[in-house]
1. Need the failing condition index for THR235 against (1) touching a helix residue (DSSP H, G or I) at 6+ places or on another chain (Cβ under 6 Å); (2) exposed (fewer than 15 other Cβ atoms within 10 Å of the Cβ), just the number.
2. Go through region 357-401 and give me each residue that's more than 16 Å from the ligand (Cβ to nearest atom) and polar (S, T, N, Q).
3. Which pairs turn up if I take residues in region 396-419 that are among the basic types (Lys, Arg) and look for partners that are surrounded by 15 or more Cβ atoms within 10 Å (Cβ to Cβ) with beta carbon separation below 8 Å, at least 6 apart in sequence or on another chain?
4. Which count do you get for residues in region 76-96 that are touching a Pro at 6+ places or on another chain (Cβ under 8 Å) and not in a helix (DSSP H, G or I)?
5. So if I check each of GLU4, GLU18, which one is open to solvent by 60 Å² or more (accessible area, probe 1.4 Å) and not in a helix (DSSP H, G or I)?
6. Would you check if GLY127 is touching a strand residue (DSSP E or B) at 6+ places or on another chain (Cβ under 9 Å), more than 16 Å from the ligand (Cβ to nearest atom), in contact (Cβ under 8 Å) with a residue 24 or more places away in the chain and assigned to a loop (DSSP other than H, G, I, E, B)?
7. Within region 216-230, which residues are within 10 Å of the ligand (Cβ to nearest atom) and either part of a strand (DSSP E or B) or not aliphatic (A, V, I, L, M) (or both)?
8. Restricting to region 165-197, name every residue that is under 16 Å from ASP238 (Cα atoms) and of a type in the set (D, E, K, R).
Amino acid sequence: MFQEKIINDDILAKMSLENVFKIFNDNVYPMLNTEEREYCDKLQEFCIDLNPKIDRSKDVYGLLPELGKHGYIQRINPWKDFKPVGMKKEILLGTHLSMLDPQLELARLASGILCGNPTFHYYEHGGESDVARKIQDELLSGQKIGCIGITEPERGSDAVNMTTICTKTDDGVIFNGEKVYTTNGPKADYFCCYGVYDEGNPRDTMVQGIIAREFGVKTERLKINSVPRVHIAHTILDNVKVPQDYILADNGLGYKRLFEGLVPERLSIMGSGIGICWAGIIYGIIYTNLRKQFGKPVIRYQGVGYGLADLLTKSSAATALALQAATVYDEKILFADEPSKEAGKWIAAISSQGKYYVAKLTHEICYEVQQHMGGMSVTDNTPLDELTDVSKIEEVIGGARNIQLLLIQGQIQRFMRLL
Ligand SMILES: Cc1cc2nc3c(=O)[nH]c(=O)nc-3n(C[C@H](O)[C@H](O)[C@H](O)COP(=O)(O)OP(=O)(O)OC[C@H]3O[C@@H](n4cnc5c(N)ncnc54)[C@H](O)[C@@H]3O)c2cc1C
């Protein structure tokens, strides 16, 4: 299991996923209603059952069908008979899967949310082709793998001004361009890609299509040390012809869907981040309560204990924010007869604030907990170092830190209109 075991047996026995969930429940269950607790109970049973079957020396992709069997590739939208659904359930799903395996959670989110969500949006906006339903079923069962291609070599934060060029034909669209950092790309069957008919007018000409690999997509894997079990690609679209049925949003509607997708995407990333925060802090709590130096548990030294107290407080605050944002999203937007414009504006704002805060906090918590735990936490004998590695990329995915701050700064300037 470990390359070389040096951790004390008694401490190791207590550093179990079951115990992580016990401490998580004590902190988070009081914020949940009965239905949500029952949903989490089932998720925890599933995670505890899957945990021993995970081979951490292999990539995560063989695990996706296991998630699919239980409807755990996504939980925002109704799919088959899996219940309950909604953003709060999605946040709780991401939280639990991050505590189980943060790299599996990254791949799951890219396939189920980033590629899967556009198939739901397609039907919400009146789409009629059966192709998106077939792709949705394949992705959500975990049988096929999806990814999203927005970022390009020369267009990162400035994603709207993309350079991937689309050309109309009689029966479809030809894509020419390159995408980078495509999470799951090297393994993906489906690529949700964006391009424009006119580079000078992206807003009115953006296209969103789901491209099957066999249409001619080429991928090369990037070496990204922090998530070695997830494959991330340089994706090349060289005269890739996409049949019209696979075009989910044409003639500028792609731009609307790109932005429509960002809010649930950022809320979902908050769910993944909350799980990393709790896993980091809880493993730290267990270890420092049991590890003794100078005759007493190291948690009793103020330098360790107060540090963990500070991190626990922040983790609780971030969790309350994520759950509250998801509650408002469910009540006032997702399940509302008439979605509230006021709530829509608030949720767009809070998804940036929350994603910014939680993503940064994952790194602070994991790094600081490692310092409080000492040497053991940087070996493979505890899950901390993997959590820290994944935390490094939380801020850059889904829009880098400054882009969230840029959006929040825009909100701040709009406050003056209230006066
Ligand atoms: C591991 C990983 C997985 C990813 N997965 C995907 C994926 O699946 N699909 C996908 O499409 N993309 C993906 N991304 C891309 C990610 O969304 C981008 O990295 C991100 O949008 C930033 O783009 P960039 O890295 O090119 O940085 P740049 O845009 O080049 O920015 C460089 C720096 O400048 C700052 N900056 C840029 N513009 C401004 C501004 N106006 N004001 C202030 N500061 C600014 C940025 O914050 C950053 O610090 C992934 C990235 C990583 C690292």
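The values are calculated or read from the model by the stated rules, or taken from the named source; none is laboratory data. Note that the structure is predicted; figures quoted are calculated from it, not measured. Note: ideal-geometry Cβ built from the backbone for every residue, glycine included; neighbour counts use all protein chains shown. Each accessible area value is taken on the protein alone, full model and side chains, heavy atoms only, with ligands, DNA and RNA left out. Shrake-Rupley method; radii C 1.70, N 1.55, O 1.52, S 1.80 Å.
1. Of (1) touching a helix residue (DSSP H, G or I) at 6+ places or on another chain (Cβ under 6 Å); (2) exposed (fewer than 15 other Cβ atoms within 10 Å of the Cβ), only one is false for THR235: (2).
2. Correct list: GLN370, GLN371, SER377, THR379, ASN381, THR382.
3. What qualifies is ARG401/TYR356; ARG401/ALA359; ARG401/LYS360; ARG401/GLU395.
4. 2
5. Checking each option against the conditions leaves just GLU4.
6. Yes: the conditions hold for GLY127.
7. Taking region 216-230 and keeping what is within 10 Å of the ligand (Cβ to nearest atom), we get 222, 224, 226-227, 230.
Once the filter is applied, which keeps residues that are within 10 Å of the ligand (Cβ to nearest atom) and either part of a strand (DSSP E or B) or not aliphatic (A, V, I, L, M) (or both), region 216-230 yields only SER226.
8. Those that are under 16 Å from ASP238 (Cα atoms) and of a type in the set (D, E, K, R): LYS168, GLU178, LYS179.
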